[in-house]
Amino acid sequence: MTKEDFLKLLFVTDNTLEKNEKITSTVKLLIYEARELSGRNIKTGNFDNSNLDDFAAKYYLYISRRFNGLFLYLLLLEVIGSLINNKLHPSSQNGIKRALEMFSDKIIGENQSIIIGLRNSLAHRFSLCTESTPRQGKPLCFELCWNETNYIVKKPTTEWDGDFSKKKMHTKIGVENLINHIEKIYADIIKKLETKELQSVPEIPELKARYTIKI
């Protein structure tokens with residue numbers, strides 16, 4: 001088995017890997033959990049509002065499952081950029097930057113840094129603001145918009161300067177549009193893995209060590 005064949009098994013959501021290797025993929029677990037927490041069908045990724053309202057009402061929480069689901073979808077972008085490159089037109093970037101550069105026609109230019117900033121704010125402090133004086137780029141404070149929007153990223157008319165006492169300078173994120181776009185990226189990857197347009201960055205031993213669990 002080539003590393004590209006093994007990479008494909010990590011990303012597909014059927015049980016081929018379990019049958020062939022007696023292991024399961026952490027990438028598959030990530031996709032399933034992101035979908036479930038976001039109220040989506042775990043097999044198709046389509047939004048059907050599964051179990052979201054009952055959970056929030058039971059524990060008196062504000063969309064907590066969807067909040068975690070968004071983070072996992074951003075983590076999926078990170079995994080995609082860490083594992084996959086294009087054979088004919090490889091990207092010199094890594095992580096989310098590589099994933100968006102190769103697969104996104106909507107999150108481009110400065111908006112790529114905004115999505116990376118959102119991932120970092122959730123991952124490092126589980127918060128909605130980047131550092132007030134970040135090492136790279138501009139400070140950002142986010143507003144997550146859960147209702148239907150016509151945008152993925154909407155920048156404020158006045159940029160936030162890192163002063164936490166200032167209001168109405170949020171960068172808005174259309175969450176469902178963002179997740180729909182990531183689902184589209186995932187579907188595109190599955191097609192390109194089938195046609196062997198993509199290559200694995202790590203070798204098989206690293207793929208197995210990092211991204212599989214024995215069953």
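A few points about this structure:
- Region 83-101 - residue that is in contact (Cβ under 8 Å) with a residue 24 or more places away in the chain and assigned to a helix (DSSP H, G or I) and, of those, farthest from I182 (Cα to Cα): L83
- Scanning region 83-141 for residues that are within 18 Å of F11 (Cβ to Cβ) and of a type in the set (D, E, K, R) turns up K87, R98.
- Scan of region 114-162 for residues that are surrounded by 16 or more Cβ atoms within 10 Å (Cβ to Cβ) and small (G, A, S), ordered by number: G117, S121, G162
- Of the strands (runs of 3 or more DSSP E) lying entirely inside region 109-213, those carrying at least 2 residues that are in contact with an Asp or Glu (Cβ under 9 Å, 6 or more places away or on another chain) are 171-174, 198-200.
- Selection status of T13, in a loop (DSSP other than H, G, I, E, B) and crowded, with 16+ Cβ neighbours inside 10 Å: yes
- Test: residue in region 153-166 that is touching a helix residue (DSSP H, G or I) at 6+ places or on another chain (Cβ under 9 Å), touching a residue at least 12 places away in the same chain (Cβ under 8 Å) and either among the acidic types (D, E) or within 27 Å of P90 (Cα to Cα) (or both): yes
- Screening region 11-47 for residues that are under 28 Å from E176 (Cα atoms) and of a type in the set (D, E) and picking the one that is nearest to the chain's Cα centre (by Cα) gives E33.
- Sub-7 Å Cβ pairs linking a first residue in region 4-23 that is at positive phi to a second residue that is open to solvent by less than 50 Å² (accessible area, probe 1.4 Å) and modelled with pLDDT of 90 or more, at least 6 apart or interchain, number zero.
The values are calculated or read from the model by the stated rules, or taken from the named source; none is laboratory data. Because the structure is a prediction, the values reported are computed rather than measured. Virtual Cβ from ideal backbone geometry, glycine too; neighbours counted across all protein chains shown. We work out accessible area using only protein heavy atoms, side chains counted, and drop any ligands, DNA or RNA first. Shrake-Rupley method; radii C 1.70, N 1.55, O 1.52, S 1.80 Å.
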